[in-house]
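J.: Could you have a look at this structure, given as structure tokens, before my questions?
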Amino acid sequence: MIIKKYTGKTEDEATSKAREDLGPSVVIMNVKTISKGKFIFKRTSYEVTAAIEEDSAPKAKAEKAPQKMPASVNTAISAYREQGAKEPKVRPSEGVIKEALDRQKNTAQGMELREKEDDPTPKPGEDLEQRIDHLQHFLEKQFEERPREDGSGGSVKKDSGKDGSSQKGMQILRAIYGALMENEVDEKYANMLVDEIAPTITPTSNLDNILSNVYQKLILKFGQPKAISLKGRKPKVVFFIGPTGVGKTTTIAKIASHYKVGQGKNVALATSDTYRIAATDQLQIYANILGIPMTVVYSADELNEALRNYHDYDMVLVDTAGFSHKNKTQRQELSDLMGGLDDTYDRESYLVISATTKYRDLSEIVDSYKEIAKEYKLIFTKLDETLSYGNLFNIRMRTGADMSYLTMGQNVPDDIEIFNAQRIVKHLLGGK
């Protein structure tokens, strides 16, 4: 593992230096704000701690993921719902949309990792040591109060000497393993991580060293998140696939709002979800509020025809029907739709799955959709409905697919963020 620090006048500048030096696979471990001077002479710079596995790919320019999301359009959406209209009769003007959006733009400048009052996520300026401080306390209590294995009772004392230090290191590792298991990390992946860390434990290793090593390993395994890229030919065709009820349509509305209103991109919507009652009506409501076109398609030919009408658009987001991964007929229909896309279009696929689904079922789902999409990125929804985030790590390890977005509620365009490895790893290690 290679760990380096880079400084810059802005966070983006420091991050760019890290990516230029270590390549696109670099993982940002920590961002620290450095202030020098006082009052009007105060100068601020940023220090980025970056890490990468030694055998990672060679240098390449990294693609910058969108980091901003406009303020809520819930006011406009609620107004339509109160009217009880399935499809608004009048498309709101840009002025109406802007008025609904501008109220919070000064304080909510986009798809950022929101730091709510009750959000335990450490602030960007904190050191790595500060990030794991409360985890250290949690694990110290866990392994120091554990009864002796010889049955003599009492707590485990802090041993001294070479053998004692090694024994203490193993106790720490067992405590970390227990935290992972409590968060429903699959036993196979928890054992794999422990096997990688165990050889690095020395007589001088303490809780801080071991926990930092585990923390960094987990972040590197999650990798750098990948958001939708608009590079390449227009329009970029983005398929959203996944089982029924995971929130694909709402997720599409959030992302469409980000690119349309937040970045001023030309966005169009298409849906092939003709199975679910009112599915097209729901998407049409979002389309009308945002002032963007929406088309219903029943086949690959109809999708290609619609795309020809959107030839000057930046992106077309395609909602697909959710179905059981065991339904072979619907699986084939989706495969035909995606496989029949004209080769002249660049495409991306995002598998939308719920963090509340059992790992055994998720395993079958991701394997099934792999046969359809070949390659996809992962969007996890409903993080607000679960206390265990182990499935995020399990599915990342099982599929090797890039993490992209996380959602945690129904509000559009809020309740969505680009995957934050630091926050998720902290949670996996016992931090709440």
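The values are calculated or read from the model by the stated rules, or taken from the named source; none is laboratory data. Source: prediction; values computed, not measured. Every residue, glycine as well, gets a Cβ built from its backbone with ideal geometry; the counts of neighbours run over all protein chains shown. Accessible surface areas use protein heavy atoms only, side chains included; no ligands, DNA or RNA. Shrake-Rupley method; radii C 1.70, N 1.55, O 1.52, S 1.80 Å.
J.: Count, please, the residues in region 1-31 that happen to be at pLDDT 80 or above, under 22 Å from the mean Cα position of the chain (by Cα) and assigned to a strand (DSSP E or B).
T.: Total meeting the criteria: 0.
J.: Tell me whether region 218-237 contains one or more residues that are more than 30 Å from Ala256 (Cα to Cα) and crowded, with 18+ Cβ neighbours inside 10 Å. Can you show your working first?
T.: In the first step, residues of region 218-237 are kept if they are more than 30 Å from Ala256 (Cα to Cα); the result is 218.
Cutting the leftovers down to crowded, with 18+ Cβ neighbours inside 10 Å gives us 218.
Looking through region 218-237, at least one residue is more than 30 Å from Ala256 (Cα to Cα) and crowded, with 18+ Cβ neighbours inside 10 Å.
J.: Does at least one position in region 326-333 carry a residue that is at pLDDT 90 or above and among the acidic types (Asp, Glu)?
T.: Going residue by residue through region 326-333, those that are at pLDDT 90 or above are none.
No, region 326-333 has no match at all.
J.: For region 375-394, name all the residues that are β-branched (Val, Ile, Thr) and either in a strand (DSSP E or B) or touching a helix residue (DSSP H, G or I) at 6+ places or on another chain (Cβ under 7 Å) (or both). Write out each step before concluding.
T.: Initially, region 375-394 is screened for residues β-branched (Val, Ile, Thr), giving 379, 381, 386.
Matches in region 375-394: Ile379, Thr381.
J.: Within region 169-190, work out how many residues are surrounded by 13 or more Cβ atoms within 10 Å (Cβ to Cβ) and either free of Cβ contacts under 8 Å to residues at least 12 places away in the same chain or touching a Ser or Thr at 6+ places or on another chain (Cβ under 7 Å) (or both). Even if it seems obvious, please write down each step before you answer.
T.: Taking region 169-190 first, the residues surrounded by 13 or more Cβ atoms within 10 Å (Cβ to Cβ) are 169-186, 189-190.
Remaining after also requiring either free of Cβ contacts under 8 Å to residues at least 12 places away in the same chain or touching a Ser or Thr at 6+ places or on another chain (Cβ under 7 Å) (or both): 169, 181, 183-184.
Result for region 169-190: 4.
J.: Residues Thr280, Thr295: which one is assigned to a strand (DSSP E or B) and not aliphatic (A, V, I, L, M)?
T.: Details: Thr280 fails: assigned to a strand (DSSP E or B).
After ruling out the rest, the residue left standing is Thr295.
J.: Taking Asp301, is it open to solvent by 30 Å² or more (accessible area, probe 1.4 Å) and assigned to a helix (DSSP H, G or I)?
T.: Numbers: open to solvent by 30 Å² or more (accessible area, probe 1.4 Å): yes; assigned to a helix (DSSP H, G or I): yes.
Judged against the criteria, Asp301 is a match.
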